[in-house]
1. Take B:I128 and tell me if it is surrounded by fewer than 24 Cβ atoms within 10 Å (Cβ to Cβ) and among the β-branched types (V, I, T).
2. Can B:I398 be described as touching a Ser or Thr at 6+ places or on another chain (Cβ under 8 Å), over 27 Å from B:V233 (Cβ atoms) and surrounded by 24 or more Cβ atoms within 10 Å (Cβ to Cβ)?
3. Kindly provide the set of residues from region B:273-314 that are among the hydroxyl-bearing types (S, T, Y) and either assigned to a loop (DSSP other than H, G, I, E, B) or in contact with a His (Cβ under 7 Å, 6 or more places away or on another chain) (or both), ordered by number.
4. In region B:84-97, is there at least one residue being modelled with pLDDT under 95, surrounded by fewer than 20 Cβ atoms within 10 Å (Cβ to Cβ), of a type in the set (D, E, K, R) and not in a helix (DSSP H, G or I)?
5. Can you say whether A:S107 is assigned to a helix (DSSP H, G or I), under 25 Å from B:V178 (Cα atoms) and within 12 Å of chain B (Cβ to nearest Cβ), as far as the supplied structure shows?
6. Here are some residues: B:G290, B:G386, B:G334. Which one is out of contact with any Ser or Thr (no Cβ under 7 Å at 6 or more places or on another chain), in contact (Cβ under 8 Å) with a residue 40 or more places away in the chain and farther than 19 Å from B:P247 by Cα?
7. Given the criteria aliphatic (A, V, I, L, M), crowded, with 21+ Cβ neighbours inside 10 Å and over 18 Å from B:G135 (Cα atoms), does B:V37 qualify?
8. Within region B:149-167, how many residues are more than 9 Å from chain A (Cβ to nearest Cβ) and more than 14 Å from B:I190 (Cα to Cα)?
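The values are calculated or read from the model by the stated rules, or taken from the named source; none is laboratory data. In this text the structure is predicted, and so the values were computed from the model without any measurement. Quick reminder, even Gly has a Cβ in these numbers, built from the backbone with ideal geometry, and neighbours come from all protein chains shown.
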Amino acid sequence: MIWNVPFITVALLIAIGLYAVMFKRNLIKIAIGITIIESGVNLFLITLGYRKGGVAPIYTNLPSGVTPQQMVLPVPQALTLTSIVIGVAVLALMLSFIMKMYQHNKSLDSHSRRLKG
Amino acid sequence: MIYNEAIPAILIGLPLLAAFITPIINLASRKARNAFVIAVLAIEELLIILLAWHVFTDGIVIYTMGAKNPGIVPLQAAVPIRIVLEIDGMAAFMGLISCTVAMAAGIYSISFIKEGNGKSRYYTLLLIMLAGMLGMEFTGDLFNLFVFLEILSIASCGLIAYRQHADAVEGAFKYLVVSNIAALFVLFAIALFYAQYDLLNIAAIAKVMQYTQLDKIALVLLVAAFAMKCGSVPMHFWAPDSYSTAPAAITAMLVAASQASLYALFRVCFTLYGSLMDYQTIGLAIIIFGLLSMFIGVTMALPQKDIKRLMAYHAISQTGYMLLGVGVGLYLLGSSDFNVYGIKAMEGGIFHIINHAMYKGLLFLTAGAIYYRLGTRNLNEMGGLGHTMKFTSIFFIIGALAIAGIPPFNGFASKLLIYEACYKVSPILSIVAMLVSVLTLASFIKVFHSAFMGPKMHDVKDVKEVPKSMLVGMAVLTFVIIFFGLFPGWVVSHIVHPAVMALVDKTAYINAVMGG
C-alpha cells in the first residue's frame, strides 16, 4: 500500500491542476494549475523509473558487490528532464502573455476577456 | 531520381538550422534574408516531393537517427533503439500539405509583415513551426511526437501573439493553455505505455499491444488530447480566437498545424490500436465529434461580423468532414463493408484534409490581403473591394466555391466521396453533411457580397491591389486547388489512396521497423 502513495499523489496533483485551470478566474492561477499538472506527470514518470536498491547506470562508478543488473534504466529520467525543460519554456511564455494582457486590460481576471462569441 | 536516404532527416533539420541562421543573415541585408527563407522553403518543397514520390512508389522509408546504416533499425532484444523516423504514405501526404502551405505563407509574408525589428524572429518561428509539423508527421517514436508537438505549439503561440495586440495575446494564451494541457495528456499516455511495455516506438508498442485497462485509459487521453488540438467540438473554443487574431499567413499555417494533430489522432487510432480496440465505439465517437463540429461550426459562423473569425468557425466545421469520413472508416474497420465503402469514406476524409489546407489557407490569405489594405476585419466596414482588388476577389471566389463544394473545384471531389460513402452507413450523416455545405455557401456569399460587391466606399478610396509577393503566395494555393479540382481521379488514386492504405495497413508499418 505504501508503494502506492506516489501514484495517489500523481492523481491528486493532476486533479488539483485541472481544477485550477477550469474553475479559477485569475490568469496566474491558471498558469500555476498547468505547472501542477506538469509536476504530476513528471512525478509519474519518475515513479515508474524507481527501483528498490537500484544504482545509477554508470559502469565506471559501480559500487563493489553491485551487479550491472541492479542498475536502473535511465530513460524515464531522461524523459522527465526533457519534459521539465519544455515546461520551463511554456511557463515563461505563458507568464509573458499574462504580463502583456495585464498591460492592456489592467486586470488578471479571465472574465475581462475581449474575444467573445 | 536523385533520391538520397538522408532526405527525411534533412527535411526536419534544414528548417531548424535555417531558423537560427535567419537572424544572422538579417544583420547583413533584409533582401538576402527574404531570399534565404524562400530558398529554404522551396528546397523543402522539392525534397518532400522527392520523398513522397519515393514513398508512393517503393513503400515505407525508415531513417534511424545517428545509425551507421540509417535504413535499418538496430534492434536489441526486440527493442528498437535510437529515434526512428518512419515515413509511410500518410506521413508523406501530410508532409506535402505542411511544406506547400509553409511555402505559400513564407512568400506571402515578405510584404504582408511590415519591416520592423521583429520580422527576422517571425521567420525564425515560422521555420521552427514547419520543423515541428514535419517532425510530428515523420516520427516513429511516441516521445519524439510529444517533443515536436510542444515545439509546434510554442512556436505557433509566439507567432499568434506576433502583433502584440490585446486580442492577439489573448488568443495566443488560450491556445497555449489548451495545447499544453493536451501535450501533458499525451505525455501521461506515453508514460502509461512505457510502464507496461518498456517501449516508446510506435511500431514496437503496436506489435506487443495487449489492450489492457491502462491501454484504454491511454487511448482516451490520446484521443481527447489530439481532438482538443485539432479544434473539434467540444474543445473548439480556442480556434476562432487564435485563428482570427494571428497574422493571416500564420493562420494558414495554424490550419496545417491542426491537421498535424489530426494526423496524430488517426495514427494512434489506426496504427497503435487498430482492430485491437473497440473500433466501433471509437469510430462512433469520432463520427459524433465530426457531426457536432460540422454543425456547430457552421451555425456559429453565420452570425459573425469579423471576416477571419467567420472563416475560423468554418475551419472547425470543415474539420468535422475529415473526422466524419475517417470516423466512418474506423467504424467499419474489420467488417466486410470496409472494402466496399469504408475505404471510400476514408479517401474522402483524407482527401478533404489536403483540400481544406489549400482552400482555407487561401481564404485566410485573402482575408489578410483585405486587412492589409483596409486595416479592419469587420465586414460592415468593407465594401466595393472588387473594383480595385481584382486578383484578390478572384482568389476569394475560387476559395469560397471550393469550400462550399461547387464543381469543378477540389472541395466538391472530396465532399462527394464523403456523401456517397456515409449514405450507405446512415443517410442522416449525408443529410447533415450536405446541409452544412449549403450553409457554408450561404455564409460565403454573405462575405463576398459585403466585402467585394457594391459601390466603392468613400472613406477608403486609396485601396489598391496588394503587393506581388502576396499575390504569388495566394496563386500557389489557387494553382493546387484548380489542379486537384480538375484531376481528382488522378490525385485520389496516386496520392490519397496510398495514404489511406498506409493508415489501414498496420502490419506493414510494424514490419518496417520490427522486421518480418
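1. On the way: surrounded by fewer than 24 Cβ atoms within 10 Å (Cβ to Cβ): yes; among the β-branched types (V, I, T): yes.
Yes, satisfied.
2. no
3. If we filter region B:273-314 for residues that are among the hydroxyl-bearing types (S, T, Y), which is where we start, we get B:273, B:275, B:279, B:281, B:293, B:299, B:313.
Hit for region B:273-314 is B:S293, nothing else.
4. no
5. Values: assigned to a helix (DSSP H, G or I): no; under 25 Å from B:V178 (Cα atoms): yes; within 12 Å of chain B (Cβ to nearest Cβ): yes.
No, not satisfied.
6. B:G290
7. On the way: aliphatic (A, V, I, L, M): yes; crowded, with 21+ Cβ neighbours inside 10 Å: yes; over 18 Å from B:G135 (Cα atoms): yes.
Considered against the rule, which asks whether it is aliphatic (A, V, I, L, M), crowded, with 21+ Cβ neighbours inside 10 Å and over 18 Å from B:G135 (Cα atoms), B:V37 comes out as yes.
8. Applying the first criterion (more than 9 Å from chain A (Cβ to nearest Cβ)) to region B:149-167 yields B:149, B:152, B:155-156, B:159-160, B:162-163.
Filter once more, keeping what is more than 14 Å from B:I190 (Cα to Cα): B:152, B:155-156, B:159-160, B:162-163.
Total meeting the criteria: 7.
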